[in-house]
Amino acid sequence: MAQKLKFEEKTIVPNSFYHITIMMLYSFLEYVRSRRFFILLLITIAIGMLLTGVVAYYRPQSFLVSEQSFYANWWGETVTFIIILSAVFFGGDAISGEFQNKTGYFLVGNPIRRSSIYLGKFLAAFCGALIMLLVFTAMTIGNGLYYFGGVTNLFWESLSFSVLYLATAIGMTFFFSSIFKTNSTAIVVTIILMLFVFSLMQSLVANLAHYEPWFIVTYGAQIINNVLMNPYPPSTQTTAAPLPHGQSITVTSYNATVPEGLIIMIGYFIVSLVTGLILFEHKEFN
Amino acid sequence: MTLPSLEAINLTKKYGSFTALSKLNLKLEGSKCVGFLGPNGAGKTTTLKIFTDMIRPTGGMALINGIDVNKEKKKALKSVGVLIETPEIYGSLSAREALSMIAEIKGISRASVRKSVEDVSELVKMKGLLNQKIKKMSKGMKQRINIAAAILGNPEIVILDEPTSGLDPRGMSEVRDIIKDLKKENRLIFMSSHLLSEVSEICDDVAMINHGKLLAYGPIEKIVEKFSKVGAVEVEVNLFRPVTGDTIDRLRNIKGVRSVKKVDSKTVLLQVIGGLKGQEEVLSRLVRIKLGIVGFKQSSSALEETYLSMFKETV
Ligand SMILES: Nc1ncnc2c1ncn2[C@@H]1O[C@H](COP(=O)(O)OP(=O)(O)OP(=O)(O)O)[C@@H](O)[C@H]1O
Ligand SMILES: [Mg+2]
């Protein structure tokens, strides 16, 4: 005969804020111990080392002409790539996995709101990805200090926009992850959308339709790079490119101002988080 | 003190045009164990999932202690332990971490999380493996952790979907003992199972379901009497003297005994009517006529026979 149940404990279900913290802590543990986390960390460090090596060996003019242009060349494009990669790594299957891997069965039947699970996991993914961002930041600043002995204030601005973009990107991967029930679909679709489709749409809208692509998140995220430009690129710029036979084609390029960029990113963040939450609330475990 | 209760009111679940659960009405109340029986695809898991917020009903309500689980989930599941199918757990966590997570979610006080986790893992014989990573555990070991998670926090209601599936024979028997232990306090247990001997051993009542409809609900002996082919409960009687023709005649004359069958030289099988009360009367008469009775036990295959006659085909 099994021994008598001796736990006489009475429970008081915690509030949702506390639930979110619990979910965040344990999901974070799961994240940082995963192989994925180390792969991503290696990729981030490799990118940083590659840049360090290239700059040290070739001493490219564009990097070394001024402190600001150093940060502009080093940071802008690369950090968006790292952000999207970490968002996909941490968020791509965060929700779909609860269904496909059946880990949700362990959690959902407990007295906890589904939204607390979602938000806790979101915060954990954000913290995990933030580590990548900070590692790359450290490598950036290290080089900046070495060559120029300082960090331009514009870099801190750009970094804070990057943190916002990170939250937005993870919000979006969570959203896609709650649409699909299989991890591979969720991850593949998210990668294709975040890395290719958005920027493709952006250039199609701008160049062919001559319309400001204010509704595309990657357009807003350009402020990460633009804020480091000297001068800040103008909102619209039409240039005529000459074609043979005396004809010419006009190309319009658009640039979001800092407030516009912030609004676009915050908009995407809120909409994706809220719709993702609603999807998860209604999704069935079967 | 109010009794723990689970109540389905017109509970319906449709998948497209397929109806998995059709206007199920069932009220379980009080401290007892209710077995949930039915063939594959009958709608057992569907019902239990609705009660635990895993799926939403198409119609009707699922009430736990009178609270609609689809409206006030946290409140409804406040004191419910749940194990549906075979959940997986985050693989990089140790068993201790996984159980602590559930303990904290359920609201076990910080100070006693550690002790509660150790107590429940001792019950499922996993205390020695608490620090092992989940991903390194076998299916049965994980299921033990799942059971431990369900009974963490001493829940008033326990909902189990085939809890012994995936366990080795010793594991099954240990889990049965745990469930029997759980029964000892003021607790309602609702458990689906295909193991009829398990259900007749542990449960007081059974609910029978097929094609999403409730066929019967009540105490096991009532259901057996009403639905088995023979319309009576079979009782095995052991005597210390050899069974003679005279013994059989005398047994046949007892009120409440429908028929007598000799099994071997010292054992007979009686068909008894009148439920538990009938059994009690038959037993006291048996004792009075001094046939040398040493054993009187409801046949363990009674539920199985009832089940087989109720569900003629599977799926
Ligand atoms: N997601 C789904 N889509 C369509 N039909 C489903 C879905 N989930 C379950 N069903 C159907 O609902 C019915 C009830 O399934 P359920 O899992 O409740 O059966 P069960 O009684 O638990 O069976 P088992 O004994 O095999 O576990 C089955 O016919 C099943 O095919
Ligand atoms: Mg089932």
If we ask which residues in segment B:54-88 are open to solvent by 10 Å² or more (accessible area, probe 1.4 Å) and more than 16 Å from ligand 2 (Cβ to nearest atom), their number turns out to be 20
Over segment B:79-104, the set of residues without any contact (Cβ under 8 Å) to a residue 24 or more places away in the chain and not aliphatic (A, V, I, L, M) is B:Glu97, B:Ser100, B:Glu104
Checked segment B:43-53 for anything in a helix (DSSP H, G or I) and within 6 Å of ligand 1 (Cβ to nearest atom); matches are B:Lys44, B:Thr45, B:Thr46
Subset of segment B:17-46, residues within 16 Å of ligand 2 (Cβ to nearest atom) and of a type in the set (Lys, Arg), comes to B:Lys44
If we ask which residues in segment A:154-174 are open to solvent by 50 Å² or more (accessible area, probe 1.4 Å) and more than 30 Å from A:Ser66 (Cβ to Cβ), their number turns out to be 0
Taking the condition open to solvent by 50 Å² or more (accessible area, probe 1.4 Å) and either without any contact (Cβ under 8 Å) to a residue 60 or more places away in the chain or at the interface with chain A (Cβ under 8 Å from one of its Cβ atoms) (or both), does B:Gly107 pass?
no
If we keep only residues of segment A:1-31 that are at pLDDT 95 or above and among the β-branched types (Val, Ile, Thr), then the residue surrounded by the most Cβ atoms within 10 Å (Cβ to Cβ) is A:Ile20
Of B:Glu234, B:Glu225, B:Glu198, the only residue that is within 16 Å of ligand 1 (Cβ to nearest atom), closer than 30 Å to B:Lys266 by Cβ, of a type outside the set (Val, Ile, Thr) and at pLDDT below 90 is B:Glu198
When segment A:251-272 is checked residue by residue, the ones that are open to solvent by 70 Å² or more (accessible area, probe 1.4 Å) and in contact with a strand residue (DSSP E or B) (Cβ under 8 Å, 6 or more places away or on another chain) are none
Flagged pairs (Cβ under 6 angstrom, 6 or more apart or on separate chains; first in segment A:203-231, within 24 Å of A:Ala167 (Cα to Cα) and β-branched (Val, Ile, Thr); second open to solvent by less than 10 Å² (accessible area, probe 1.4 Å) and part of a loop (DSSP other than H, G, I, E, B)) are A:Ile223/A:Ala256
For this session: Using the structure shown, decide if A:Thr239 is hydroxyl-bearing (Ser, Thr, Tyr) and either touching a strand residue (DSSP E or B) at 6+ places or on another chain (Cβ under 7 Å) or part of a loop (DSSP other than H, G, I, E, B) (or both).
Result: yes
Only one of B:Glu85, B:Glu97 is at the interface with chain A (Cβ under 7 Å from one of its Cβ atoms), of a type in the set (Asp, Glu) and within 15 Å of ligand 1 (Cβ to nearest atom), namely B:Glu85
Among strands (runs of 3 or more DSSP E) entirely within segment B:198-267, at least 3 residues that are within 16 Å of ligand 2 (Cβ to nearest atom) and on the phi < 0 side of the Ramachandran plot occur in B:205-210
Checked segment B:86-110 for anything charged (D, E, K, R) and closer than 10 Å to A:Thr11 by Cα; matches are B:Glu104, B:Lys106
(1) more than 30 Å from B:Leu11 (Cβ to Cβ); (2) surrounded by fewer than 16 Cβ atoms within 10 Å (Cβ to Cβ) all hold for B:Leu251 apart from (2)
With the first residue restricted to segment A:103-131 and required to be surrounded by fewer than 22 Cβ atoms within 10 Å (Cβ to Cβ), and the second required to be among the small types (Gly, Ala, Ser) and in a helix (DSSP H, G or I), Cβ contacts under 8 Å at 6 or more apart or on different chains are A:Thr103/A:Gly97; A:Arg113/A:Ser16; A:Ser115/A:Ser16
(1) within 11 Å of chain A (Cβ to nearest Cβ); (2) within 25 Å of B:Ala216 (Cβ to Cβ); (3) not in a strand (DSSP E or B) all hold for B:Asn40 apart from (1)
For segment A:74-105 the number of residues that are closer than 20 Å to A:Phe17 by Cα and at pLDDT 95 or above is 1
Note on segment B:24-37: residues under 10 Å from B:Ile189 (Cβ atoms) and in a strand (DSSP E or B) are B:Leu28, B:Cys33, B:Val34, B:Gly35
Within segment B:150-167, restricting to residues that are open to solvent by 10 Å² or more (accessible area, probe 1.4 Å) and under 10 Å from B:Thr86 (Cα atoms), the one that is nearest to ligand 2 (Cβ to nearest atom) is B:Glu162
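The values are calculated or read from the model by the stated rules, or taken from the named source; none is laboratory data. This structure is a prediction, so every number in the text was calculated from the model and none was measured. Cβ coordinates were reconstructed from backbone atoms using ideal geometry, including for glycine residues, and neighbour counts include every protein chain displayed. We work out accessible area using only protein heavy atoms, side chains counted, and drop any ligands, DNA or RNA first. Shrake-Rupley method; radii C 1.70, N 1.55, O 1.52, S 1.80 Å.
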